[in-house]
Amino acid sequence: MTNAAGPTPVRTTIAPWLSVRDGTRAVAFYTAAFGAVERYRLQDDAGNVMVAQLAVDEAAFWVQGDPDASPGVGDGSIRMILTVADPEAVF
């Protein structure tokens with residue numbers, strides 16, 4: 001990203017992406033329980049959260065509403081998003 005002052009440096013971060021059965025309830029829970037702030041929301045026509053980015057202080061994480069999500073072990077309900085300045089070099 002570039003602005004008048006030059007390129008904006010990219011911070012290395014890693015953020016969990018949680019697949020949950022009810023995205024709307026999950027967002028409400030994380031907001032009430034941990035004081036999470038919503039940074040981004042994508043919802044369906046009925047207003048249900050499909051994807052939301054939340055943050056507790058500067059610790060960002062994502063929630064995805066997926067009715068088929070299962071909290072069981074090995075079901076792939078958590079992904080990690082790694083952000084780096086030079087993804088090609090890391091890959």
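Report whether or not Asp57 is closer than 22 Å to Arg11 by Cα, over 11 Å from the mean Cα position of the chain (by Cα) and of a type outside the set (A, V, I, L, M, F, W, C). When the stated conditions are applied, Asp57 passes them.
Among the residues of segment 7-29, is any in contact with a Pro (Cβ under 7 Å, 6 or more places away or on another chain) and on the phi < 0 side of the Ramachandran plot? If you could, list the steps in order and put the result at the bottom.
First pass over segment 7-29, keeping only residues in contact with a Pro (Cβ under 7 Å, 6 or more places away or on another chain): 21.
Pick out the ones that are also on the phi < 0 side of the Ramachandran plot and you get 21.
Yes: segment 7-29 contains one or more residues that are in contact with a Pro (Cβ under 7 Å, 6 or more places away or on another chain) and on the phi < 0 side of the Ramachandran plot.
Only one entry in Val51, Val27, Val63 is within 12 Å of the chain's Cα centre (by Cα), outside any strand (DSSP E or B), at pLDDT 95 or above and among the β-branched types (Val, Ile, Thr), namely Val27.
Taking residues in segment 2-30 that are over 18 Å from Gly47 (Cα atoms), and partners anywhere that are small (Gly, Ala, Ser) and not in a loop (DSSP other than H, G, I, E, B), the pairs with Cβ atoms closer than 6 Å and at least 6 places apart or on different chains are Ala15/Ala60. Scan segment 66-91 for residues that are touching a residue at least 12 places away in the same chain (Cβ under 8 Å), assigned to a loop (DSSP other than H, G, I, E, B) and closer than 30 Å to Thr8 by Cβ and jot them down. Of everything in segment 66-91, those that are touching a residue at least 12 places away in the same chain (Cβ under 8 Å), assigned to a loop (DSSP other than H, G, I, E, B) and closer than 30 Å to Thr8 by Cβ turn out to be Val84, Ala85.
Screening Glu38 against (1) outside any loop (DSSP other than H, G, I, E, B); (2) at pLDDT below 95; (3) touching a Ser or Thr at 6+ places or on another chain (Cβ under 8 Å); (4) not hydroxyl-bearing (Ser, Thr, Tyr) leaves a single unmet condition, (2).
The values are calculated or read from the model by the stated rules, or taken from the named source; none is laboratory data. What you see is a predicted model, and the numbers here were worked out from it, not measured in a lab. Because the Cβ atoms are built from the backbone with ideal geometry, glycine has one as well, and the counts that use them run over all protein chains shown.
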